[in-house]
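Chemist: Got a structure for you, written out below as structure tokens; questions coming shortly.
The values are calculated or read from the model by the stated rules, or taken from the named source; none is laboratory data. No experiment lies behind these values; they were computed from the predicted model shown. Note that each Cβ is placed from the backbone with ideal geometry, even for glycine, and that neighbours are counted across all protein chains shown.
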């Protein structure tokens with residue numbers, strides 16, 4: 001048993017636990033398992049994994065010298081200490097800005113689980129329903145990135161579910177209760193290498209997914225004919241692997257210069273009406289000097305780019321504590337680098353945990369009486385904030401917190417939902433309901449929410465052209481993804497925004513079982529189960545086993561069908577659209593000291609890494 005670090009005994013807290021959680025914090029999941037609320041102060045005890053044997057062991061999070069660490073000790077493999085955040089104040093601003101837990105699923109696929117994460121699939125112990133689902137269409141890929149091991153070349157075999165298997169996975173997602181899965185992301189490998197990719201997208205649309213996206217390296221979508229076909233099939237957006245704005249970065253992270261491919265993919269998406277979220281894999285000393293330039297690129301292209309999902313790499317193999325401390329890159333590091341590299345464009349007070357929108361979900365539930373889409377992930381999972389970009393010249397850029405009090409608005413919305421719940425239980429409301437006038441509650445709630453949002457919106461500080469109706473239009477755009485970036489912006493009440501976010505996926509050194517129980521991104525797998533992201537990919541845990549058990553064929557025996565898009569040729573390139581010149585803008589980024597030497601780490605992995 002690890003003893004508490006004597007230098008890490010300081011008790012620290014940020015925001016006080018809100019009193020409304022006495023009403024809303026669930027005690028059990030919908031299937032009856034106990035929910036242990038994450039403490040609101042540090043230090044506290046949780047459970048983690050031994051990085052050597054992956055046994056579940058006790059762990060402690062604490063503060064030392066203004067930084068947050070996790071410590072744990074395995075009886076067989078000894079003591080481990082890991083950096084969680086390099087700044088306690090920033091950490092607490094995310095950690096304590098939360099509104100409680102979800103309560104899981106009515107119909108978990110594993111109903112009698114006892115141990116997390118070993119009994120996964122999604123089980124009765126899980127606290128959150130699915131906000132976004134991943135389906136790996138194949139582990140084949142037309143790239144050989146050194147930071148990714150989730151591919152056939154590394155595994156030595158092909159795991160590629162059939163069309164029928166994938167349809168069944170999607171039906172399982174749509175059958176989730178209390179909230180059917182609405183957002184699906186196709187991933188891999190490279191998902192477009194699946195020979196029936198377009199058929200799969202069409203089927204997803206037919207099954208009722210409201211938003212369909214894919215994690216993509218940019219090669220196939222840079223073919224405008226393929227992009228048009230994907231858009232017509234029902235694809236809404238791409239999660240575009242985008243590690244920087246200079247060619248040298250890609251030589252290190254992707255083993256080939258593919259910057260032109262990324263730029264062409266953005267241009268093609270602009271032409272065919274696909275949204276783009278940039279997804280940089282961040283490696284300290286390789287491309288952490290590019291994060292500000294990536295934000296600038298996104299703002300310059302904010303008519304098509306709607307967000308950035310920064311993803312610091314995780315450690316996948318044995319690595320010494322000294323090397324981990326020196327190479328670990330956390331969300332805190334990213335937030336501070338963005339302040340410096342953008343001259344304060346993305347300030348620290350513009351960062352909020354991903355669950356900050358929960359009061360809107362509670363308001364929806366209070367008004368309708370039906371379960372709502374509810375983001376209830378652990379505060380350590382990630383965070384972010386919105387930048388608003390004047391849509392015509394795209395030169396004026398403001399953080400949301402410069403002109404809108406998000407904290408104040410969410411607290412008021414939370415209290416509004418409480419008042420509506422009380423009102424619905426009153427004698428008067430019950431009489432109105434009997435008379436067919438119960439919908440007055442909907443109008444009361446809607447008008448109340450509008451008053452709150454207007455109260456916390458400061459028009460004088462907003463960027464040019466951002467009126468209150470256009471702010472509401474932006475908010476509605478996140479509900480109705482078909483709104484997109486409207487060409488007639490003022491009349492359709494749209495405005496350019498970029499959601500700058502980060503998700504630091506777990507590895508065996510910083511693993512927190514309570515985080516895994518609250519994961520909102522779930523993998524649907526060909527074994528018929530669903531897995532929270534950090535039980536499927538991290539640790540490592542279930543991915544390697546599932547892919548091996550469900551493998552289609554040996555790599556050398558796989559027969560490609562001749563379609564260039566399903567080919568795994570790494571030389572694949574497509575001509576740019578007619579009249580379009582692909583040229584990189586100079587953002588003034590200086591190369592890191594490593595030069596052009598390929599970066600071939602043994603202990604690093606991107607978010608989908610399966611092997612150590």
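Chemist: For the subset of region 35-60 comprising residues that are in a strand (DSSP E or B) and in contact (Cβ under 8 Å) with a residue 60 or more places away in the chain, which member is surrounded by the fewest Cβ atoms within 10 Å (Cβ to Cβ)?
Modeler: That would be 56.
Chemist: Only residues that are in contact with a strand residue (DSSP E or B) (Cβ under 7 Å, 6 or more places away or on another chain) and either in a helix (DSSP H, G or I) or modelled with pLDDT under 95 (or both): list them for region 402-423, please.
Modeler: The answer is 406, and nothing else.
Chemist: Taking region 330-364 on its own, how many of its residues are crowded, with 22+ Cβ neighbours inside 10 Å and outside any helix (DSSP H, G or I)?
Modeler: 5
Chemist: Sort out which residues of region 150-168 are over 21 Å from residue 198 (Cα atoms) and either part of a helix (DSSP H, G or I) or touching a strand residue (DSSP E or B) at 6+ places or on another chain (Cβ under 6 Å) (or both), and write them in order of number.
Modeler: 152, 153, 154, 155, 157
Chemist: Another question about this same structure. Sort through 154, 229, 175 and tell me the only one that's at pLDDT below 95 and surrounded by fewer than 22 Cβ atoms within 10 Å (Cβ to Cβ). I'd like the intermediate steps shown before the answer.
Modeler: Details: 229 fails: at pLDDT below 95; 175 fails: at pLDDT below 95.
After ruling out the rest, the residue left standing is 154.
Chemist: From the residues in region 573-588 that are closer than 15 Å to residue 257 by Cβ and surrounded by 10 or more Cβ atoms within 10 Å (Cβ to Cβ), which one is modelled with the lowest pLDDT?
Modeler: From region 573-588, those closer than 15 Å to residue 257 by Cβ are 573, 582-584; that's our starting set.
If we keep only those that are surrounded by 10 or more Cβ atoms within 10 Å (Cβ to Cβ) as well, we get 573, 582, 584.
Details: 573: 94, 582: 87, 584: 84.
Out of the qualifying residues, it is 584.
Chemist: If you check 121, 102, which single one turns out to be in contact (Cβ under 8 Å) with a residue 40 or more places away in the chain, on the phi > 0 side of the Ramachandran plot and either under 21 Å from the mean Cα position of the chain (by Cα) or assigned to a strand (DSSP E or B) (or both)?
Modeler: None of the others qualify; the one that does is 121.
Chemist: Of the residues 367, 325, only one is modelled with pLDDT under 95, surrounded by fewer than 18 Cβ atoms within 10 Å (Cβ to Cβ) and part of a helix (DSSP H, G or I); which?
Modeler: That would be 325, the only listed residue that is modelled with pLDDT under 95, surrounded by fewer than 18 Cβ atoms within 10 Å (Cβ to Cβ) and part of a helix (DSSP H, G or I).
Chemist: Any idea which residue in region 498-517 is farthest from the chain's Cα centre (by Cα), counting only those that are modelled with pLDDT under 95 and under 25 Å from residue 239 (Cα atoms)?
Modeler: 507
Chemist: Hey, does region 68-89 have a residue that's part of a loop (DSSP other than H, G, I, E, B), modelled with pLDDT of 95 or more, over 19 Å from residue 374 (Cβ atoms) and out of contact with any strand residue (DSSP E or B) (no Cβ under 9 Å at 6 or more places or on another chain)?
Modeler: Yes; the residues of region 68-89 include at least one that is part of a loop (DSSP other than H, G, I, E, B), modelled with pLDDT of 95 or more, over 19 Å from residue 374 (Cβ atoms) and out of contact with any strand residue (DSSP E or B) (no Cβ under 9 Å at 6 or more places or on another chain).
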